[in-house]
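Step one of this worksheet: look at the structure below.
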Amino acid sequence: PKANSIFLDGKMTYSFVPWRTDCGSYRLYNPASGNFPDGLSSSDLSRSNWCPGTVTNPNFIQLGDLKAGKHTIQVKIPQGATEGTSFSSWNVSGVLLGSQ
């Protein structure tokens, strides 16, 4: 597990480790999960903020009072090292909401 961080104008404003260890409890809701000869299912394994068959809830991050003007937002998610022919990749989505 690795910390994921949000930076606003170069300053870290939020950081968390998105990790789930409760995925095995959802096996009943995901019977089509890949099953291994040792009795485990792929849905039993710990995952980065999601489990097969569950909803991934959003993280709401308050950025405070931003003054009018240009700002930069960076999302930093450390990637794992390449292992053989596999690689580490993430699909990330986000929404920036504001009010006056």
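Of these, SER86, SER93, SER48, which one is surrounded by 10 or more Cβ atoms within 10 Å (Cβ to Cβ) and of a type in the set (Ser, Thr, Tyr)?
None of the other options fit; the residue is SER48.
Given PHE16, PHE7, which one is of a type in the set (Phe, Trp, Tyr), under 21 Å from GLY98 (Cα atoms) and surrounded by 11 or more Cβ atoms within 10 Å (Cβ to Cβ)?
None of the others qualify; the one that does is PHE7.
Return the total of residues in the range 58-82 being touching a residue at least 24 places away in the same chain (Cβ under 8 Å), of a type in the set (Val, Ile, Thr) and part of a loop (DSSP other than H, G, I, E, B).
Within the range 58-82, residues that are touching a residue at least 24 places away in the same chain (Cβ under 8 Å), of a type in the set (Val, Ile, Thr) and part of a loop (DSSP other than H, G, I, E, B) number 3.
Would you be able to tell me the number of residues in the range 43-57 that are part of a loop (DSSP other than H, G, I, E, B), among the small types (Gly, Ala, Ser) and either in contact with a helix residue (DSSP H, G or I) (Cβ under 9 Å, 6 or more places away or on another chain) or closer than 13 Å to SER25 by Cα (or both)? Walk me through how you get there before you give the answer.
Taking the range 43-57 as the starting set, the residues that turn out to be part of a loop (DSSP other than H, G, I, E, B) are 45-46, 48-57.
Pick out the ones that are also among the small types (Gly, Ala, Ser) and you get 46, 48, 53.
Of the ones still in play, those that are also either in contact with a helix residue (DSSP H, G or I) (Cβ under 9 Å, 6 or more places away or on another chain) or closer than 13 Å to SER25 by Cα (or both) are 46, 53.
Within the range 43-57, residues that are part of a loop (DSSP other than H, G, I, E, B), among the small types (Gly, Ala, Ser) and either in contact with a helix residue (DSSP H, G or I) (Cβ under 9 Å, 6 or more places away or on another chain) or closer than 13 Å to SER25 by Cα (or both) number 2.
Looking only at the range 18-71, how many residues end up being hydrophobic (A, V, I, L, M, F, W, C), at pLDDT 80 or above and farther than 23 Å from ASN91 by Cα?
Let us first name the residues in the range 18-71 that are hydrophobic (A, V, I, L, M, F, W, C), namely 19, 23, 28, 32, 36, 40, 45, 50-51, 55, 60-61, 63, 66, 68.
In the following step, the residues that additionally are at pLDDT 80 or above were identified as 19, 23, 50-51, 55, 60-61, 63, 66, 68.
Subset that is farther than 23 Å from ASN91 by Cα: 66, 68.
Qualifying residue count for the region: 2.
The values are calculated or read from the model by the stated rules, or taken from the named source; none is laboratory data. Keep in mind the model is a prediction, meaning the values are calculated, not measured. Cβ sites come from the backbone with ideal geometry, for glycine too, and all protein chains shown count toward neighbours.
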